[in-house]
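Comments concern the structure below.
The values are calculated or read from the model by the stated rules, or taken from the named source; none is laboratory data. Keep in mind the model is a prediction, meaning the values are calculated, not measured. Note: ideal-geometry Cβ built from the backbone for every residue, glycine included; neighbour counts use all protein chains shown.
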Amino acid sequence: MRAAATREARRYLPASHDVDDVVQEALMRAWRRRASCRSEERIPWMRQIARNEALRLLDKRRLRSERELLDDETILATVADDRAEQQREDLLRKLQVGEVVGRLSVDDRRLLALRYSEDLSQPQVARMLGIPEGTVKVRLHRLRGRLRKDLETSR
């Protein structure tokens with residue numbers, strides 16, 4: 001069960017300490033709900049719990065960073081110089097990007113996070129996701145186009 005949870009958590013989280021935290025929480029949740037699992041579905045059931053925990057962690061971090069951006073925006077609004085105004089505009093743009101990215105599917109957000117947040121190369125992303133490198137390139141190209149279009153329409 002631990003191995004299945006670890007493999008699933010690694011699909012979503014590149015940092016080993018995050019994987020360990022998610023696996024530990026997933027195992028605790030599975031233990032508490034063990035009566036609801038049928039014996040023939042143990043591994044898929046455990047993988048789903050680990051997946052949910054990994055996504056919960058990612059969402060919690062996303063919300064925390066959005067709150068921090070809002071706090072920064074409030075602070076910057078009190079300063080009235082050109083540099084502060086530029087920083088305010090940058091923060092607003094980040095919020096706009098975050099909103100647009102938040103509407104993407106989990107798989108698309110994961111692909112973007114691995115490529116741009118974690119700064120992995122396309123071959124590394126392909127290996128991590130277990131898909132061909134060409135698929136990564138095509139999906140990233142299409143995602144960038146969609147994001148560009150969505151950001152232009154939301155101005």
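When residues in segment 108-155 are screened for being in contact with a Pro (Cβ under 9 Å, 6 or more places away or on another chain) and over 23 Å from LEU55 (Cβ atoms), 1 of them pass. Where helices (runs of 4 or more DSSP H) sit wholly within segment 1-94, those with at least 3 residues that are at pLDDT below 75 and over 26 Å from SER105 (Cβ atoms) occupy 42-77.
If only residues of segment 20-39 that are free of Cβ contacts under 8 Å to residues at least 24 places away in the same chain and more than 13 Å from MET1 (Cα to Cα) are counted, the one that is surrounded by the fewest Cβ atoms within 10 Å (Cβ to Cβ) is ALA35. Considering only segment 114-123, state which residues are in a helix (DSSP H, G or I) and closer than 25 Å to GLY98 by Cα. Correct list: LEU114, ARG115, TYR116, SER117, GLN122.
Taken together, the residues in segment 84-112 that are of a type in the set (Gly, Ala, Ser), without any contact (Cβ under 8 Å) to a residue 12 or more places away in the chain and either touching a Gly at 6+ places or on another chain (Cβ under 8 Å) or over 18 Å from ARG11 (Cβ atoms) (or both) amount to 1.
Condition first: assigned to a helix (DSSP H, G or I), free of Cβ contacts under 8 Å to residues at least 24 places away in the same chain, of a type outside the set (D, E, K, R) and surrounded by 11 or more Cβ atoms within 10 Å (Cβ to Cβ). Now tell me which residues in segment 124-136 satisfy that.
Taking segment 124-136 as the starting set, the residues that turn out to be assigned to a helix (DSSP H, G or I) are 124-129, 133-136.
Pick out the ones that are also free of Cβ contacts under 8 Å to residues at least 24 places away in the same chain and you get 124-127, 133-135.
Next cut, of a type outside the set (D, E, K, R) only: 124-126, 134-135.
Scanning segment 124-136 gives GLN124, VAL125, ALA126, THR135.
When ARG146, ARG115 are checked against the criterion of being farther than 18 Å from TYR12 by Cα and surrounded by 13 or more Cβ atoms within 10 Å (Cβ to Cβ), a single residue qualifies: ARG146. Consider segment 101-112 and keep the residues that are part of a helix (DSSP H, G or I) and of a type in the set (A, V, I, L, M). The one that is surrounded by the most Cβ atoms within 10 Å (Cβ to Cβ) is LEU111. When ARG139 is tested against (1) assigned to a helix (DSSP H, G or I); (2) under 30 Å from ALA30 (Cβ atoms); (3) modelled with pLDDT of 90 or more, only condition (2) is not met.
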